[in-house]
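All remarks here apply to the structure that follows.
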Amino acid sequence: MMASLIIQSRLGDRMEKVLVTGSQGFIGSYLCSELLKKGYSVFGMDNYSKYGAVVRAHDTDLNFSFMKIDLIKDSSVLREVFENIDPDYIIHAAARIGGISYFHKYASDLLLDNLTMDANVVRSAIGLYANKKLKRFVAMSSSMVYENTNVYPTTEASLATTPPPSSTYGFSKLALEYQCKGAWEQYKLPYTICRPFNCVGIGEEEALGEKAAMVGNIKMLMSHVLPDLIYKALHLNSNDKMPILGDGDQVRHYTNGKDLATGIIAAMESENGLCNDFNLSSPVATTVKELAEIVWRQIHGTPLQLQHHDPFTYDVQIRSPDVTKAKDLLGFETKSSLEESVSEVIDWMRKQHDIK
């Protein structure tokens, strides 16, 4: 077993090491690229369960080492693997996640798998901290922990009075946060909690096992809203109606993956991040309808007409964070505009689907 887990590092001891779980995922790939740009040596872990065996831009970097590992099935060797890497930082970004339909289709598996892998990783981090030089455990939580809030914009402090999430995915992320707090209370494992909001960018593939609904010959659902809207717009004519879930008034703060990675790294590095939690997001609120209009305008340049379909249960109507804390304590602010992000993803998806 261990023979398949040997890490062949090409790195010197002079570089600080960051272990990233879920390194081949959407946010994970942005994280690895930005960490490498900052001069870290990066060790990635993934089991390719979401997208399959994808190729990422960071894979060929000389300061990146990768191992295929299942954080649930390979739990018996995790502690030893962590000790062999001996990282300065761990960023736990791995999770079982998909779009809204995925939350329904795999409601039980999402909860059980995420709880199990999180517990395995946190236990291994606790063991590593007790004997080695680990500086910080960074947990990737989610805006879904605020699923049932009625405070807008939502501050980090409001979580204390927010009812627990209705979705099993949101609940699993809240449980991860409690695992971090418990590990600090009992073992003094230093942690930082990051809550990304609606990441957009290149590399968001369709999740394996994602349920697809069809409207005519057009696929209705992909993993997340922006690639879904772009995919449909690229396959529709300029005079067609765009199918969307619900009335389109759902509010989100769409945040470029590069910006999110920058914020996560800032939280990891900052003393202000120690045992603290941060909303990481664009400050700009945008409805799904407004996002669809941006997509349609960039692709077709004509007025948008919508065709409404029944939403899913966990389609939260408002997800709007207060980002003051990250700005004041980390100096973090997003830089990419939504229009720039949409243009970037359109170009990438044209190439992915061979559409002129």
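The rows are residues; the columns are (1) buried (at least 19 other Cβ atoms within 10 Å of the Cβ); (2) closer than 21 Å to I193 by Cβ; (3) touching an Asp or Glu at 6+ places or on another chain (Cβ under 6 Å); (4) in contact (Cβ under 8 Å) with a residue 60 or more places away in the chain.
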residue	(1), (2), (3), (4)
T60	no, no, no, no
D88	no, yes, yes, yes
A95	yes, yes, no, yes
D118	yes, yes, no, yes
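When region 130-155 is filtered for residues that are surrounded by fewer than 20 Cβ atoms within 10 Å (Cβ to Cβ) and either in contact with a Pro (Cβ under 8 Å, 6 or more places away or on another chain) or of a type outside the set (F, W, Y) (or both), the ones remaining, listed by number, are A130, N131, K132, K133, K135, N148, N150, V151, P153, T155. If I filter region 190-199 for residues that are surrounded by fewer than 16 Cβ atoms within 10 Å (Cβ to Cβ), out of contact with any Cys (no Cβ under 6 Å at 6 or more places or on another chain) and at pLDDT below 95, do I get at least one hit? Looking through region 190-199, none of the residues is surrounded by fewer than 16 Cβ atoms within 10 Å (Cβ to Cβ), out of contact with any Cys (no Cβ under 6 Å at 6 or more places or on another chain) and at pLDDT below 95.
Listed by first and then second residue, the pairs linking a residue in region 330-352 that is closer than 23 Å to H300 by Cα to a residue that is assigned to a helix (DSSP H, G or I) and of a type outside the set (A, V, I, L, M, F, W, C), with Cβ atoms under 7 Å apart and 6 or more places separating them unless they lie on different chains, are S336/K258; S336/D259; V342/Q298; S343/Q298; V345/P227; I346/Q298; M349/P227; M349/Y231. What about S158, is it at pLDDT 90 or above, in the same structural domain as L291 (by TED's automatic domain parsing) and touching a Ser or Thr at 6+ places or on another chain (Cβ under 7 Å)? Against the criterion (at pLDDT 90 or above, in the same structural domain as L291 (by TED's automatic domain parsing) and touching a Ser or Thr at 6+ places or on another chain (Cβ under 7 Å)), S158 does not qualify.
Considering only residues in region 298-327 that are outside any loop (DSSP other than H, G, I, E, B), in contact with a helix residue (DSSP H, G or I) (Cβ under 9 Å, 6 or more places away or on another chain) and not hydrophobic (A, V, I, L, M, F, W, C), the one that is surrounded by the fewest Cβ atoms within 10 Å (Cβ to Cβ) turns out to be Q298.
Residue pairs whose Cβ atoms lie under 8 Å apart, sitting 6 or more positions apart in sequence or on different chains, and linking a residue in region 167-189 that is within 14 Å of M117 (Cα to Cα) and not assigned by TED's automatic domain parsing to the domain that holds F137 to a partner that is modelled with pLDDT of 95 or more and buried (at least 20 other Cβ atoms within 10 Å of the Cβ), do not occur here. Applying the criterion of being surrounded by fewer than 22 Cβ atoms within 10 Å (Cβ to Cβ) and among the hydrophobic types (A, V, I, L, M, F, W, C) to the residues of region 42-58, the residue that is modelled with the lowest pLDDT is A53.
Across region 340-356, the number of residues qualifying as of a type in the set (D, E) and within 29 Å of M268 (Cβ to Cβ) comes to 2. Answer yes or no: is there a residue in region 70-78 that is in contact with a helix residue (DSSP H, G or I) (Cβ under 7 Å, 6 or more places away or on another chain) and closer than 22 Å to D259 by Cα. The answer is no, given that none of the residues of region 70-78 is in contact with a helix residue (DSSP H, G or I) (Cβ under 7 Å, 6 or more places away or on another chain) and closer than 22 Å to D259 by Cα.
One residue stands out among those in region 111-153 that are among the polar types (S, T, N, Q) and assigned to a helix (DSSP H, G or I): the one that is nearest to I97 (Cα to Cα), which is N114. One residue stands out among those in region 208-227 that are closer than 20 Å to F197 by Cβ and either polar (S, T, N, Q) or touching a Lys or Arg at 6+ places or on another chain (Cβ under 8 Å) (or both): the one that is modelled with the highest pLDDT, which is V225. With respect to the conditions (1) of a type in the set (V, I, T); (2) outside any helix (DSSP H, G or I); (3) modelled with pLDDT of 95 or more, I97 lacks only one, and its number is (3).
Every test in (1) hydrophobic (A, V, I, L, M, F, W, C); (2) assigned by TED's automatic domain parsing to the domain that holds G170; (3) exposed (fewer than 14 other Cβ atoms within 10 Å of the Cβ) is passed by I355 save one, and that test is (2).
Assess whether I72 counts as being outside any helix (DSSP H, G or I), of a type in the set (A, V, I, L, M) and over 20 Å from G203 (Cα atoms). Yes; evaluated as a whole, the condition is true for this residue.
The values are calculated or read from the model by the stated rules, or taken from the named source; none is laboratory data. Being a predicted model, the structure only gives us computed values, none of them experimental. Heads up, the Cβs are rebuilt from the backbone with ideal geometry, glycines too, and the neighbour counts pull from every protein chain shown.
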